[in-house]
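The values are calculated or read from the model by the stated rules, or taken from the named source; none is laboratory data. The structure presented is a predicted model; accordingly, all values stated were derived computationally and were not measured. So basically every Cβ, Gly included, is an ideal-geometry build from the backbone, and we count neighbours across all protein chains shown. Quick note on the areas: whole protein, heavy atoms, side chains included, nothing else; ligands and nucleic acids left out. Shrake-Rupley method; radii C 1.70, N 1.55, O 1.52, S 1.80 Å.
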Amino acid sequence: MDRKRGIKVGLAVGTIIIAGSLVGAAPASAQFGLLTKWGSLGTGDSQLDTPRNITVDAAGNVYVADSENDRIQKFTSTGAFITKWGSFGAEVSQFNNPRGLAVDSDLNIHIADRSNDRVQKFSPTGTFINQLGNEGTGNGQFNSPAGVALDPAGNLYVADESNDRIQKFTSTGAFSTKWGTAGAGSGQLDDAEGVGTDSAGNVYVADSDNDRIQKFTSTGVFITGWGSFGTGNSQFDNPTGVAVDSLGDVYVADQRNDRIQKFTGTGQFLSKFGTQGAGDGQFANPTGLATDCRGNLYVADTGNDRIQKFGEPGAGDSPCPPTLEVSAKGKQQPKKLKLKLNCPLEDCTVVVKGKARVPTGSGKKQRTAGAAKTKKFALKPKSFALAAGEKKTVRIRFKKNPNAVKKIGKLQKKSKKARKRSKLKAKLTATGPGGGTVNASEKIKLKR
């Protein structure tokens, strides 16, 4: 039943992924308040008609599901119009009541095309990539998909609203698992509209008609739930949007109570704000939420046909600090040291430094003779520029190559211990376009 249509208005082994900031951590401060707003009723650029959801990418760009206009609009973090795509229909790149939005590690946008019973995927500029789903109750089929979320591993979760379930797909779109049946018991759902994930891969569901939030593992095992119908703290009237920051705090769009509530990951009430109205900080059926890396909170103020942005004054709107993926598979020969690098969300510069440690002697001889337990060989520092999403294999060298390589080879030839325990630890620093940095490291076993 679509009672909401007429309202008044989510790693491979050997890979390290490190975030350079607390993504989406909303500051708990008395200064937290309205920063800006944009939008008004209409069909022109920057105008909106019943915007139902929102997401933010690592560069601070804001994507809005302009639902009754059957399109997606893209803005800067301060609300300046960038581009748009979509029109009413069922063809590729067309929409019929677009709802949930999520951005993946390649900055592609996944959109719940609700009344077309599918999820469409686009590039950041609106170029169609692919789609999944059709009407039905089978695996990979949908009945009014309303919310989408991605976990750190790239798995996609879809709130399959009228089928009263959550479906999970791999990063390539293959069906993975599902959970939920119609009802009010733990793990059951009634027109669940929103879904979000935390950094540990737990899944939070806005169980809308049951007026509660439910928390599950990534495979659908029920963990906990909270909420009941009402207007008090921790009570809801049709919760629709749910967003989780990197600290594990959960933000809920309490739609018909015209407010936002904030909880811990276990459901403990923390704070709330908003009342019914059209003034600053007031809402009319807020439906979707998103947070950015600077601690700002974006609200799709659906009935007021606008976006409101909240945060601390002075938090800034520069791009998020970078993320960095680095891996080195198996053992490597000292003369052919290679690292695989990727800055998935933004352009960055990566600087690599490090040292190899090679055991010397048998161990017993070392203790009696007082010889050094290991010899160290420093890498030659090297810098690499990477475009957002570019995956690059780079070769790194020692400062005194090939002498270092020859010395390591001789030590390994002499000692079984050296052959087994020779390691290199590479230290990497990634710097993003906004000046933020993140550090990572990778251990590499050296073979002869």
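Tell me the residue from G232, G265, G201 that is surrounded by 18 or more Cβ atoms within 10 Å (Cβ to Cβ), assigned to a loop (DSSP other than H, G, I, E, B) and not polar (S, T, N, Q), please.
Numbers: G232 fails: surrounded by 18 or more Cβ atoms within 10 Å (Cβ to Cβ); G201 fails: surrounded by 18 or more Cβ atoms within 10 Å (Cβ to Cβ).
Unique residue meeting the criteria: G265.
Quick check on D209: is it assigned to a helix (DSSP H, G or I) and either of a type outside the set (A, V, I, L, M) or closer than 23 Å to N53 by Cα (or both)?
On the way: assigned to a helix (DSSP H, G or I): yes; either of a type outside the set (A, V, I, L, M) or closer than 23 Å to N53 by Cα (or both): yes.
Here the answer is yes, as D209 does meet what is asked.
Tell me which of these T137 doesn't satisfy, since it passes every other one: (1) crowded, with 16+ Cβ neighbours inside 10 Å; (2) in a loop (DSSP other than H, G, I, E, B); (3) modelled with pLDDT of 95 or more.
Unmet condition: (1).
Inside region 293-309, can you point out the residues that are at pLDDT 85 or above and open to solvent by less than 10 Å² (accessible area, probe 1.4 Å)?
To start, the set of residues in region 293-309 that are at pLDDT 85 or above comprises 296-309.
Result: N296, L297, Y298, V299, A300, D301, T302, I307, Q308, K309.
From the list P334, P321, exactly one residue is in contact with a Cys (Cβ under 8 Å, 6 or more places away or on another chain) and buried (at least 23 other Cβ atoms within 10 Å of the Cβ). Which is it? Before the answer, list the steps.
Working: P334 fails: in contact with a Cys (Cβ under 8 Å, 6 or more places away or on another chain).
Step by step, each of P334, P321 is checked, and only P321 is in contact with a Cys (Cβ under 8 Å, 6 or more places away or on another chain) and buried (at least 23 other Cβ atoms within 10 Å of the Cβ).
Look through region 235-262, keep the residues that are outside any strand (DSSP E or B) and either in contact with a His (Cβ under 8 Å, 6 or more places away or on another chain) or at pLDDT 95 or above (or both), and return whichever of them is surrounded by the fewest Cβ atoms within 10 Å (Cβ to Cβ). If you could, list the steps in order and put the result at the bottom.
Pass one, region 235-262, residues outside any strand (DSSP E or B): 235, 237-238, 245-249, 255-258.
Right, trim to either in contact with a His (Cβ under 8 Å, 6 or more places away or on another chain) or at pLDDT 95 or above (or both) and you get 235, 237-238, 255-258.
Values: Q235: 18, D237: 15, N238: 22, Q255: 27, R256: 19, N257: 24, D258: 20.
Filtering first and then ranking leaves D237.
Scan A278, A290 and give me the residue that is surrounded by fewer than 18 Cβ atoms within 10 Å (Cβ to Cβ) and closer than 21 Å to E68 by Cβ. So that I can check it myself, show each step before the final result.
Values: A290 fails: surrounded by fewer than 18 Cβ atoms within 10 Å (Cβ to Cβ).
Going through A278, A290 in turn, just one is surrounded by fewer than 18 Cβ atoms within 10 Å (Cβ to Cβ) and closer than 21 Å to E68 by Cβ: A278.
Looking only at region 80-136, count how many residues are in contact with a His (Cβ under 9 Å, 6 or more places away or on another chain) and charged (D, E, K, R).
Of region 80-136, the ones in contact with a His (Cβ under 9 Å, 6 or more places away or on another chain) are 100-104, 119-122.
Okay, now just the ones that are also charged (D, E, K, R), so 104, 121.
Number satisfying all stated conditions: 2.
At pLDDT below 95 and more than 19 Å from F142 (Cβ to Cβ): does that describe V56? Before the answer, list the steps.
On the way: at pLDDT below 95: yes; more than 19 Å from F142 (Cβ to Cβ): yes.
For V56, the condition - at pLDDT below 95 and more than 19 Å from F142 (Cβ to Cβ) - is met.
Exactly one of (1) surrounded by 13 or more Cβ atoms within 10 Å (Cβ to Cβ); (2) farther than 12 Å from V326 by Cα; (3) small (G, A, S) is unmet by A440. Its number?
Every condition holds for A440 apart from (2).
What are the residues in region 150-174 that are over 15 Å from P98 (Cβ atoms) and open to solvent by less than 10 Å² (accessible area, probe 1.4 Å), if any? Write out each step before concluding.
Step one: filter region 150-174 for residues over 15 Å from P98 (Cβ atoms), giving 150-157, 160, 162-174.
Scanning region 150-174 gives L156, Y157, D160, I166, Q167, F169.
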